[in-house]
Each structure stands twice: as structure tokens, then as C-alpha cells.
Amino acid sequence: MDDTVLDVDQVENLIKFCPTKEEMELLKVSEFKRSLNTVNSACNEKLASQYQKEADKCNSGMETCEEVREKAEEALSAQMKLTAMWEIRAHQKGWREKVAKSNAFPYFI
């Protein structure tokens, strides 16, 4: 007999190892679920990446705002020191506060 040809018993034995129609459907469903899980994972990674980018932008903006606030505080502090110094000099030269408020700087009142 030819070794490359299967006899009936061999074919029947092979058929026993083949999945049934129901098993094939289950395999398709399982593969579909695996594919969905892969897609979901990829989407979740993309969303997480986008969220991280937005969070980084927000943090960067907050740092910039904080830097501007600190510089403004420094400028205000320096201006207050300068104002105090000029007030001391003005008092030494005879400046009176009521005169300055009514005549010199009316838009600050």
C-alpha cells in the first residue's frame, strides 16, 4: 500500500481530533474577544497618552502662571520699598499727607 494515502480508519481517527461546529464557533468568538481586547488596550493607551499630554500642558501653564505671580510679587515689593523711601524723604522735606492726597495724585484716591 502507498504510505502517502490515508485509509478509512486513519481518516476517522483524524476526524475525532477536529473541532465540532460548536467548538469552531466558540473559537471564533474567543478570537473576536481577543481582538476586541487588543483594540481596547490600544485605545486605552492612546487615551492615557492624550490625557498625559493635556495634563503636561496644564502643569506647564500653571508653572508659567506661578512664575509670573512670583515676579509680580517681587516687583510689587520693590515698588512698595521705593514708595516708602520716597515718603520718608517727603516727610523729611515737610510733606503733609492731606495735601498730597487732595492735589498731587487725585487718581489714586
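At-a-glance table
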quantity: Translational D in µm²/s for the chain (Stokes-Einstein at 4 °C, 1.567 mPa s, Kirkwood Rh from C-alpha pairs); calculated: 55 µm²/s
quantity: Residue-span extension gain [ILE88 to ASP3] - 0.36 nm each, minus C-alpha spacing; calculated: 19.0 nm
quantity: Cα long-axis angle, helix 8-17 against the chain (0 to 90 degrees, to the nearest 10); calculated: 20 degrees
quantity: Gained length - LEU47 relative to SER35, 0.36 nm times residue gap less alpha-carbon distance; calculated: 2.5 nm
quantity: Choice from GLU31, GLU54, GLU22 with maximal GNM fluctuation in the chain (Cα, 10 Å cutoff); calculated: GLU22
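Values quoted throughout were computed directly from the atomic coordinates according to the rules given, and no laboratory measurement underlies them. Here the structure is a predicted model, which means the values were calculated and not measured.
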